[in-house]
1. Restricting attention to the range A:93-130, which residues are away from chain B (no Cβ under 14 Å) and outside any strand (DSSP E or B)?
2. Could you tell me whether the range A:209-231 includes any residue that is within 21 Å of B:E514 (Cβ to Cβ), touching a His at 6+ places or on another chain (Cβ under 7 Å) and more than 10 Å from chain B (Cβ to nearest Cβ)?
3. If we scan the range B:129-146, do we find a residue that is touching a Gly at 6+ places or on another chain (Cβ under 9 Å) and among the hydrophobic types (A, V, I, L, M, F, W, C)?
4. Restricting attention to the range B:365-374, does a residue exist that is crowded, with 16+ Cβ neighbours inside 10 Å and over 30 Å from A:L310 (Cβ atoms)?
5. If we scan the range B:72-83, do we find a residue that is in contact with a helix residue (DSSP H, G or I) (Cβ under 6 Å, 6 or more places away or on another chain), part of a loop (DSSP other than H, G, I, E, B) and among the aliphatic types (A, V, I, L, M)?
6. Looking at A:T202 and the list (1) assigned to a strand (DSSP E or B); (2) within 11 Å of another protein chain (Cβ to nearest Cβ); (3) under 22 Å from A:A587 (Cα atoms), which single condition is not satisfied?
7. Among the residues of the range A:164-185, how many are more than 23 Å from the chain's Cα centre (by Cα), within 20 Å of A:L212 (Cβ to Cβ) and outside any helix (DSSP H, G or I)?
8. Within the group A:G161, A:G153, which residue is assigned to a loop (DSSP other than H, G, I, E, B) and within 33 Å of the chain's Cα centre (by Cα)?
Amino acid sequence: MGLLSDPNRRRALISLLTRLNAPICVVCYMAGVAWFMGLAFEPFTLRTYMSENAMGSTMVEERFPAGERALGTGREFSAHKKKAGGMPVDWLVKTMQSRGLEVFTQRFSRRLPFPDEDKERYMVKGTNVYGILRAPRAPRTEALVLSAPCSPGDDNNQAVGVLLGLAQYFRNQVFWAKDIIFLVNEHDLIGMQAWLEGYHHTNTTGMDWSPLQGRGGSIQAALSLELSSDVVTSLDLVLEGLNGQLPNLDLANLFYAFCQKIGVLCTTQGKLQRNDWDSVSGYSHAVQTMMLMVMKQASGRPWGDHGLFLRYHIEAATIKGINSFRQYKTDATTIGRLLEGMYRKLNNLLERLHQSYFFYLMPSLSHFVSIGYYMPAFGLLALILLLRALDLWIQLATPPPRTEDGVADAEQMSSPGVLSVLTPLVISHLTGVALYTLPIHFQEIAVEHFPVSETEAVVLTAIAVYTAGLALPHNTHRLLTGRGTENGWKVLKLVAVLYLAVLLGCTALINFSLGFILALTLVPVAAFVTPDVPKALSAFIMVILSPACTLLFSVFLFQELQEMPVSFLDGWMLYLSVISQGILDHALYGSLVYPLVALLVYPCWLLFWNILFWK
Amino acid sequence: MRWEETVVEEATADKEDTSAPETVVQSSVPQPKDDFQEELVIRPLHSGDIYASFQFRTLWETDFMRGNKVSHYRLFPKSLGQVISKFSVRELHISFTQGYWRTMQWGQPFLPSPPGAELWVWFQDSVTDVDGTWKELTNVLSGIFCASLNFIDSTNTVQPSASFKPLGIGNVTDHRFLRYATLPREIVCTENLTPWKKLLPCGSKAGLAVLLKSEKLFHSSFHSQAVHIRPVCQDWQCKTTSWELRQTLNVVFDLHTPGQGKLEWSLFKMFSRTLTEACPLASSSKIYIDITDDPQGEQFEVSPATHLLSQAMVLGDRRTFSVYDLTQQITFGTVRSLNLLIRWKSSEDMLRPLLHAERYVAGYGLQTGEIHTLMYNNHPYRSFPVLLLDSVPWYLRLYIHTLTVTSKGKDNKPSYIHYQPSKDRVRPHLLEMLVQLPPNSVTEVTVQFERALLKWTEYTPDPNHGFYVGSSVISSLVPSIVAMDTNSTREQPLFSSFFPCKEESSYFMRVYTEPLLVNLPTPDFSMPYNVICLTCTVVAVGYGSLYNLLTRSFQIEEPSPGLAKRIANIIRKMRGVPPL
């Protein structure tokens, strides 16, 4: 800091920063991207390890014997499900009771803001059935949850079978210290939302549900099970929850430890881990896995039924059975043993899971990148914004070189009025509010006047409002203060750059992936846009780098990473459905990505658009 | 056919029952006026579990409060006698419970108790410093029962104004002399059982107490042991009083078997012991088996076959019991050992007990929350009042203005509210309400709270486990189906005579809700080093230099003087002349 208190050196530093601003920014951007890509390189990552002592290694012995019988129960369940045309409530209640559980049901209903075409539902009515296994000599203060969704069609029958089999087996054990709640939820996430809201007696999304009759105290951990075949080749661990929240890393460690112990193939993001990290293909495999996690996290939607638990500070994960016709087969008994082991370990917990990380990325199940390692990648990108802001500040503060015509200079010097900065800010935010509110409110009008369905109406209205925002009058300041000044756009840009820095910084703290992806595209725009660059080309680049196009690219990239590439037309349809899902996620579960983009990111981007067309 | 026979037998049993107390009175009159009875009630529960309730009662006609110290003890344990006289205790009730009584499956217990430890004491009105005496008493009891009762201090002690009335004789109801505290986190184990057993006159050497083996007792769904001391009337005229020490132990065994066949239970299977004799010091030693649910003997099979039948009013219901009198040699048969065996079928439906309550914390996040207490009145047409007592630790700051009481969707105004606000680190919240429960309804009491941020030394060693809030207590006079027996001095089984019954149409019942486990905002104790480093760096580098830059004014320094001038200045300084 002696550097700054010495006026000469300060001047030298400032001139260096202003002279080399553009190259430094480019270097920072490159370094940020390189750092991020380096995160997947195995020598730079840490091996996972169990932090929680209470779940330390090899203290339990798994003995679950009844996998075949559980599959039989699953088949029975499927038959009753077909007969009932939905959740076989009576059968489930009776079956759970005969296994010695306290059984309760919960009815719920929900009208979606507009029809969900992916899952073909609009008016949703259903019943959750759950049975509580009361731990002997425990005062009902703590509980664990095992859930399986009752999906339409032939999916997940095996999961319900295994759940009931485990319930029967667990009932005869004496070592439980926490109540165990076995939950079969209908209509996947909507049912789970209803149950969790009922359990915690909150109502965040305006759903109707009947109050719960039985409870088990504060829930310590939850697992959701999805199995659709009798034999699976591997088990996939899904961690990404609502708003990019992740469960404590110890839960993933626990799963990994038991997979290793029992000898089950385990994956994350559907990708096995490989040992050849030093080869190119091994590295690119790790990058793919990590990128998939980043994109899922950035989407802010729950990727399994567990995702909604995280809001209540309950550590939860979904375990999915994958059957890809490989040689390696795992039967239901092994899966039951794995779950038994995990629940016995969770039962040993003396505190909530808190020892390990809550913020991490996983390039494979056995390695993780903690917040301390991945944040610099974002920090390097955010640094560009600060450097640009500093540059603009210095330009605004130092007087321009004197010319003979002093009068014109004086006018140049005069600082722009507050209004000329405030007006674009207000207008772009009003556009954002329109983007947030209009699609759902105007769906009926749109359906009346155009030959589209409700869902299409919502999505197309959103796109229309978004596009209309680009055509808004951009030179309001000329009406207010006469012609735009040179300093006017600089002040506006300074405000916009700082605004973007704060916005991205806050986003990255909560959801790193979202912040990083937005920074990747918005930071170059923010750094180099001025009214002096060639208009047509820059406008094209800006549109390409706008949030909507970022989403479009993400859709294609995601499909590519999942090794399911799509044609452009399919991709476009997928894009439309992703937008509708995003709006639905917000309305149904309170996901924050849609309001964040509509109310804050898009207006911020509009400010830069405004600067481009500054006259 | 069989029932008729038993009716005849019952008649004879009644005769014997009525004749028994006379003999007791006769034998105890010339003796030092103390008396010991033991009793075991076995009740197959609705859910298929089995409930065993031991009761041991010692009566002693003496006065601990006399000037001269009581020094000669026979049946009454000396350690408790000294406690009574030293601390001027009028009534003392202490219970240790592991597990939660499942009202929906098990019905009502004979003696309710909350999970953890509960202690309530009425002091004599001669005590001046009640708080000091209470503090000493808890520490002494902590030693006697090997429990953490010494953690009872002013932050978890309350003085309920209405919920806990004296159960013995006496009409002092000034609640200044009452102290009530619970420790919901207390874990009950063998170390608490051993000192409890030592208080019995026969120890665990003879009588029913031989069954109390910890390896079996703690292999159960519910375990509760208690000690109750109170003054009672000696006879119906109540001319003289005597002290009653009642030790109870309730345990529920889990008999779940996956199959649908009959359940089987025997003394040996449950306690890994059989009975061979009564406690020689006991005037009465009996085993009761509740066979009410099955008069025809279709579901129950009891062996050896029952000799005596008896009826008693318990919790508003007329129950029939098979009785085994251990003082009779014939009970033990030819093998000289009694191993009761019961087979029965169970149903899995839930019960609808007349009064039932549950409680939970609503909301999410670590700032606020809401405590919900639900009270169910399942009586089809009678409404009855209940007293709700809530004692909430100070670190949950109750917003009492958010208190709502609703039943059937309508506001239900409590007719009596006693609220004592908490003081940080000094005393807890106390909320008592008298609420009328409409028939066949659920009454919901909600109150919001804010979670306090504790000082860093106030967190428990495992702060991420959460903090316990003790059970709410719901006391009520519940309408009875049958006429209750109001004559408290008449000879009746011990389990049916604990709560005094004042009128025939209703009976007293107490229900405890589950304790709550609440998370408080917890600092990350594992990272003080990082935090210290970070704050120090921020303060030193960031704040320090910024402050420096902002407060200093910078000026261009004159170029340094030449060598000659400096030498000249040094010389001038040595001479004491101001420099150039």
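The values are calculated or read from the model by the stated rules, or taken from the named source; none is laboratory data. Owing to the predicted nature of the structure, the values given are computational and were not obtained by experimental measurement. Every residue, glycine among them, receives a Cβ derived from its backbone with ideal geometry; neighbour counts consider all protein chains shown.
1. A:E117, A:D118, A:K119, A:E120
2. Checked against the condition, which is being within 21 Å of B:E514 (Cβ to Cβ), touching a His at 6+ places or on another chain (Cβ under 7 Å) and more than 10 Å from chain B (Cβ to nearest Cβ), the range A:209-231 yields at least one hit.
3. Restricting attention to the range B:129-146, the residues satisfying the condition of being touching a Gly at 6+ places or on another chain (Cβ under 9 Å) are none.
No: the range B:129-146 contains no residue that is touching a Gly at 6+ places or on another chain (Cβ under 9 Å) and among the hydrophobic types (A, V, I, L, M, F, W, C).
4. No, there is no match, as no residue in the range B:365-374 is crowded, with 16+ Cβ neighbours inside 10 Å and over 30 Å from A:L310 (Cβ atoms).
5. No, there is no match, as no residue in the range B:72-83 is in contact with a helix residue (DSSP H, G or I) (Cβ under 6 Å, 6 or more places away or on another chain), part of a loop (DSSP other than H, G, I, E, B) and among the aliphatic types (A, V, I, L, M).
6. Only one criterion is unmet by A:T202, namely (1).
7. Step one: filter the range A:164-185 for residues more than 23 Å from the chain's Cα centre (by Cα), giving A:164-184.
Checking which are within 20 Å of A:L212 (Cβ to Cβ) leaves us with A:167, A:178-184.
Those left that are additionally outside any helix (DSSP H, G or I): A:178-184.
So the answer is 7.
8. On the way: A:G161 fails: assigned to a loop (DSSP other than H, G, I, E, B).
Testing whether each residue is assigned to a loop (DSSP other than H, G, I, E, B) and within 33 Å of the chain's Cα centre (by Cα) leaves just A:G153.
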